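What follows is a single structure, written as structure tokens, with notes after it.
The values are calculated or read from the model by the stated rules, or taken from the named source; none is laboratory data. Note that the structure is a prediction, hence the values are computed from the model and not measured. Counting neighbours? That spans all protein chains shown, and the Cβs are built from the backbone with ideal geometry, glycine included. Each accessible area value is taken on the protein alone, full model and side chains, heavy atoms only, with ligands, DNA and RNA left out. Shrake-Rupley method; radii C 1.70, N 1.55, O 1.52, S 1.80 Å.
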There are 2 protein chains.
Amino acid sequence: MTRRIAVLAHGGFPDGAKTATGILRYADAEVVAVLDRDIAADDPDARVTDYLPDVTDAPIVANSSESPDFDALVIGIAPIGGSFDETWRGDVTHAIESGADVVSGLHYFLADDPEFARLAGEHDVELRDVRRPPEDLTVAEGVARDLDAEIITTVGTDCSTGKMTTTRELYEAALDRGVDAGFIPTGQTGIVIEGWGIPVDRTVSDFTAGAVERMVRERSDHDYLFVEGQGSIIHPAYSPVTLGILHGSMPDSLVLCHEAGREAIHGYEDFEIPNPGYVAELYESLAESVAPTEVVAGALNTAHLDETEASDAKTRYQSQLTAPVTDPIRDGVGELLEAVL
Amino acid sequence: MTRRIAVLAHGGFPDGAKTATGILRYADAEVVAVLDRDIAADDPDARVTDYLPDVTDAPIVANSSESPDFDALVIGIAPIGGSFDETWRGDVTHAIESGADVVSGLHYFLADDPEFARLAGEHDVELRDVRRPPEDLTVAEGVARDLDAEIITTVGTDCSTGKMTTTRELYEAALDRGVDAGFIPTGQTGIVIEGWGIPVDRTVSDFTAGAVERMVRERSDHDYLFVEGQGSIIHPAYSPVTLGILHGSMPDSLVLCHEAGREAIHGYEDFEIPNPGYVAELYESLAESVAPTEVVAGALNTAHLDETEASDAKTRYQSQLTAPVTDPIRDGVGELLEAVL
């Protein structure tokens, strides 16, 4: 049965609410409302498709009591630091009291909030903090390379280069072709969309590869697994997460995600991004001794470019990678899927 | 004032008690006794130097009440899984009741044990669980490469190739020469020896590089910092920890540690260790975009070889690295220190 969900995105919809837009695009759930009190105050008749034309429509409402009935409230926005905004308390309380589960990817765990925990007990609903890793993680055994499933992992030249989107589009395109495929979520948005997964960036570093290995083993009955990558191997802060996914998933092929024109690591502007072809080789060299693989395709985010510029950028990226390249949003992922299947 | 410590190593001294031997070799403390009830039962007059000729002597006793007075009891042994052995409870209880602190690198945190916590409160002693990372870790800012201190980090072809020993020997040799040097401990033995440090393998993967960066920043008033490495970049489970240390410490030079003749990853026998020269290049390539560095020396563990075999192995390793090589225990680290200073 499809779940009916309300998505909280106060003050952030759509561009500041990555989880909310990810859910609207990809989740197998009926979104009955988006909560954004700023938008609702400006326009009581506002609709989701006023902002995102390509998704199923729903009303934008000011709070959870104005939403049509729902089975779960999802926190679809993450303030800096991942804390809980106390002005959301009424929405969460109302959701629990109306018998709905609450799903959150915040660093602040709802289940550790005494009031929410008590209410959830009384109303027999679940508070699901997807950012909390399981407590029984262990070191990797090094077996993902022996699985029958063909494993495709997205990697990047940086954070926020479209790894989640590319992985998701590849997975859905594979399903559309009748391929038996699975999606391995490693970050909060993917986990909320899929309803399972491990937030790899929150695992203890000794167990990071093990967490990814555990997920691919659990789903290894599929013919193809699409693993959502995180960060970048050349990122001065997040590279351990990236390497844990590479060595934990032991992929058969890699898709390298890059944003056209980005020259430095986002937020670390003194760190230049080298030629993406060099970055591709670095991923391959790192995989070599553990589980050899190749970058077989490239995804290029060209959202900020016009048609001609985008075409030039793709030609350049394609020659750097010597592999097929598309912008998954502009062009679809047909060619990339051909390369990985 | 030098602290007097008793080191618990029941049933493991010396070879199964890596922390105990590390303390005896390197800690700036007076070891007044080693607790090993098995040895003490066999020989009530047993001494530490019967087992380790090159350290300061002390008696081996059956329990903490038979030890000369001490200021701290250190757990110098880690059973598989890092759990607390209940047969040690009497020793810990006696230590606390006699007013001594207790230092532990176990996964089981003594401070979370209700009985120990209560007793420690009553007797005003500290229970120091060195395996618990600080709670305020953050992401790396990417600034270690800008520090004035010259940073030397040990890396390895595998776990247990002598990174702690090599780092420690380099650090002490530097001090002996009058160099203003600091030691950055990243694992439990190093932390117990130094009395500070962060157990990098227990940090959240997003903060692993940040934890290392924080330590080198804190000690950046030294001219030289020697950073203890962990794991290996080609290890199927622990590589994220290794990369966090590489990118967090942004070293000026690297010393590659290898065990002569080891052909596969310890405990992961299906994973071959490639030519150490290739592994050295991989470390350099990974560092290149973040903070360029070079492998300037090699440390080779030849403990299991005779003199001729060891010499052949060093010659081979030296030609693979095209850098000076010694066995730090057999030959000292003089040549390695020349290469890094």
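Suppose the chain between A:Asp15 and A:His123 were pulled fully straight at 0.36 nm per residue; how much longer would it get relative to their current alpha carbon spacing? It would help to have the intermediate numbers written out before the result.
Details: separation 108, 0.36 × 108 = 38.88 nm, distance 3.36 nm.
Difference between extended and current length: 35.5 nm.
To the nearest 10 square angstrom, what accessible area does A:Cys257 show with a 1.4 Å probe?
Its accessible surface works out to 0 Å², give or take rounding.
Express the relative contact order of the stretch B:4-129 as a whole percentage, based on alpha carbon pairs under 8 Å and six or more residues apart in sequence. Show your work: numbers first, answer last.
Values: 243 pairs, mean separation 29.5, N = 126.
The normalised contact order for the stretch B:4-129 reaches 23 percent.
Just to check I understand the Karplus step: with θ = phi - 60° and J = 6.51 cos²θ - 1.76 cosθ + 1.60, what whole-Hz values come out for the stretch A:237-248, glycine and proline as x?
Karplus-based 3J(HN,Hα) across the stretch A:237-248 equals 10, 9, 4, x, 4, 4, 5, x, 6, 5, 7, x Hz.
Which semi-axes, in whole Å and largest first, does the equivalent ellipsoid of the stretch A:144-340 have when worked out from the alpha carbon gyration tensor as the square roots of 5 times its eigenvalues?
Numbers: eigenvalues 116, 76, 46 Å².
Ellipsoid half-lengths, sorted descending, are 24, 20, 15 Å.
Using each residue's phi in the stretch A:196-212, evaluate 6.51 cos²θ - 1.76 cosθ + 1.60 at θ = phi - 60° and report the 3J(HN,Hα) Karplus result to the nearest Hz, with x for Gly and Pro.
The phi angles translate into 7, x, 10, x, 4, 6, 9, 7, 5, 4, 5, 10, 4, 4, x, 5, 5 Hz.
Whole-Hz Karplus ³J(HN,Hα) for the stretch A:172-184, in order, using 6.51 cos²θ - 1.76 cosθ + 1.60 and θ = phi - 60°, x for Gly and Pro?
5, 5, 5, 4, 4, 8, x, 6, 7, 10, x, 10, 10
Taking beta carbons within 10 Å but only from partner chains, what does the mean come to for residues A:241-250? Each step should come with its number before you reach the end.
Numbers: counts 8, 3, 10, 9, 2, 2, 9, 4, 0, 1.
That average works out to 5.
Using Stokes-Einstein with the Kirkwood hydrodynamic radius over Cα pairs, what translational diffusion coefficient do you get for chain A at 37 °C and a viscosity of 0.692 mPa s, in µm²/s rounded to a whole number?
Working: Rh = 20.8 Å.
Reported coefficient: 158 µm²/s.
Straight-line reach from A:Lys314: which lysines have Cα under 29 Å away, leaving out those fewer than 8 places along the same chain?
Here the lysines satisfying the reach criterion relative to A:Lys314 are A:Lys18, A:Lys163.
Mind giving me the FRET efficiency for B:Thr308 and B:Arg330? R0 is 22 Å, r the Cβ-Cβ distance, nearest 0.05 is fine. Working shown, then result.
Values: r = 13 Å, r/R0 = 0.58.
Approximately 0.95, to the nearest 0.05.
Tell me the distances, shortest first, between B:Gln318 and the same position across the other copies, using label points 7 Å along Cα→Cβ, in nm to one decimal.
Its label point is 5.3 nm from the equivalent points in the other copies.
Return the calculated 222 nm mean residue ellipticity for chain A, to the nearest 500 deg cm²/dmol, obtained by summing -39500 (n - 2.57) across DSSP H runs with n ≥ 4 and dividing by the residue count.
Numbers: 12 runs with 116 residues, N = 341.
Helix-only estimate at 222 nm: -10000 deg cm²/dmol.
For the stretch A:4-129, how big is Rg over Rh, using alpha carbon atoms and the Kirkwood form of Rh?
Details: Rg = 13.5 Å, Rh = 14.3 Å.
Taking Rg over the Kirkwood Rh, I get 0.94.
Taking amide hydrogens as modeled 1.01 Å from N in the peptide plane, which residues meet the under 5 Å criterion relative to B:Gly182, leaving out close sequence neighbours?
Those lying under 5 Å, H to H, from B:Gly182 are B:Tyr224, B:Leu225, B:Phe226.
Counting only Cα, what are the radius of gyration and maximum Cα-Cα distance Dmax of the protein assembly as shown, in Å?
In order Rg, Dmax, the Cα atoms of the protein assembly as shown give 27.5, 88 Å.
Using modelled amide H (1.01 Å from N, peptide plane; none on Pro or chain starts), what sits under 5 Å from the amide H of A:Gly156, excluding residues fewer than 5 places away?
A:Ile233, A:Cys257
Before anything else, pin down the relative contact order of the stretch A:143-268: Cα pairs under 8 Å, at least 6 apart, normalised by residue count, whole percent.
On the way: 250 pairs, mean separation 53.9, N = 126.
This gives 43 percent for the stretch A:143-268.
Taking a label point 7 Å from the Cα of A:Asp85 along the Cα→Cβ vector, which residues of the stretch A:34-62 have an amide N closer than 17 Å to it?
A:34-43, A:60-62
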